[in-house]
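This report refers to the structure that appears directly beneath it.
The values are calculated or read from the model by the stated rules, or taken from the named source; none is laboratory data. As the structure is a prediction and not an experimental result, all values here were calculated from the model. Every residue, glycine among them, receives a Cβ derived from its backbone with ideal geometry; neighbour counts consider all protein chains shown. When the accessible area is computed, the model is the full protein with side chains, heavy atoms only, and any ligands, DNA or RNA have been set aside. Shrake-Rupley method; radii C 1.70, N 1.55, O 1.52, S 1.80 Å.
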Amino acid sequence: MSDYLLSVLLGIVEGLTEFLPVSSTAHLRISEALFHIDLANGYWKMYTIVIQLGAILCLPVYFRARIVKFFFTFPKGERGDRTIFTHPMGLVCVAFVVTALPAFLLTKVIGKHLESLYIMGSSLLIGGIVMWIVDEMNAKSEGAGLGATGTRIHTWHLEDMSLGQAIWIGACQILSAVFPGTSRSMSTIAAGQIAGMSRASALEFSFFLSIPTMVVATGYDLLKSLRGKGENAIGVTQIDPHGWVVLAIGFVVSFLVAYGAVAWFLGWVRKHGFAPFAAYRIIVGAFVLAWASGLMH
């Protein structure tokens, strides 16, 4: 397989899985084995970071109108009832800080878990079960809709979130940093639903929270990759023209596929919920665990 075609396929995998609650890390690890590439190699390690940045870039582009509105209404909000801590921008910052500090301190633990197929498979499987249970718990309330009384859901719009919900979601997102395969998207969505948020509002907050979280995380990884020492480090001057083209293909494909995935996912969730993604996680998690145990050889 040519590097160009491989880059297209990896870009598609990253773009599809970055924002769906199925774990992009686990899918890239599976792709590594299927396509016989070494993602720990300096160039390919940097490549995975670059295509992840391509996927992340689609969010500020897709939500550009909402983001501009948030900037102009900060800190009081559209209705004038928000504060610096309860405005959507403030809530995103709070959740980011709650996640970032413990995740940074746990980098050594994270590093040990990254390569473990058992961790990824278990996280996919357990996360799928949790997601299914939580979504079913809220299904009746979702069906009743906005305005219904006595339901589990009391936050239907991102603009109505509380500071406590943001702190809770940020704390739950730490799991996705420590246990690859959990999925940052899954942990934030399920946490939001547990805290009384609707599917749509939990999903939207997950998208907005991922902008600072993933930009900082991938930026930090990219800096380490470029400035690090040893066989797995790589400098910009070491990349030949062929390597730059492969990087560019992956970046563009990841951006375009992620943009389409975000648009589709928002529409799907409002009507159908997360159960199909939970089932998919359970199936893939069982497959990965069987593979790690040698049953697939």
Among the residues of segment 169-188, what is the count of those that are open to solvent by 10 Å² or more (accessible area, probe 1.4 Å), more than 14 Å from Val130 (Cβ to Cβ) and at pLDDT 90 or above? 1
Please verify whether Ala139 is aliphatic (A, V, I, L, M), surrounded by fewer than 24 Cβ atoms within 10 Å (Cβ to Cβ) and either more than 18 Å from the chain's Cα centre (by Cα) or part of a helix (DSSP H, G or I) (or both), treating the condition exactly as stated. yes
Looking only at segment 189-205, how many residues end up being part of a helix (DSSP H, G or I), in contact (Cβ under 8 Å) with a residue 40 or more places away in the chain and crowded, with 21+ Cβ neighbours inside 10 Å? 8
Within segment 259-274, residues under 20 Å from Ala139 (Cα atoms) and in contact (Cβ under 8 Å) with a residue 60 or more places away in the chain come out as Phe265, Leu266, Val269, Arg270, Gly273, Phe274
Could you go through segment 225-232 and let me know if any residue there is over 30 Å from Ala286 (Cβ atoms), in contact with a Leu (Cβ under 9 Å, 6 or more places away or on another chain) and at pLDDT below 90. no
Of all residues in segment 267-284 being open to solvent by less than 10 Å² (accessible area, probe 1.4 Å) and of a type outside the set (D, E, K, R), the one that is nearest to Phe63 (Cα to Cα): Val269
By residue number, the members of segment 3-47 that are within 18 Å of Met214 (Cβ to Cβ) and of a type in the set (S, T, N, Q) are Thr17, Ser23, Ser24, Thr25
Being in a helix (DSSP H, G or I) and either open to solvent by 10 Å² or more (accessible area, probe 1.4 Å) or on the phi > 0 side of the Ramachandran plot (or both) is the requirement here; does Ala166 meet it? no
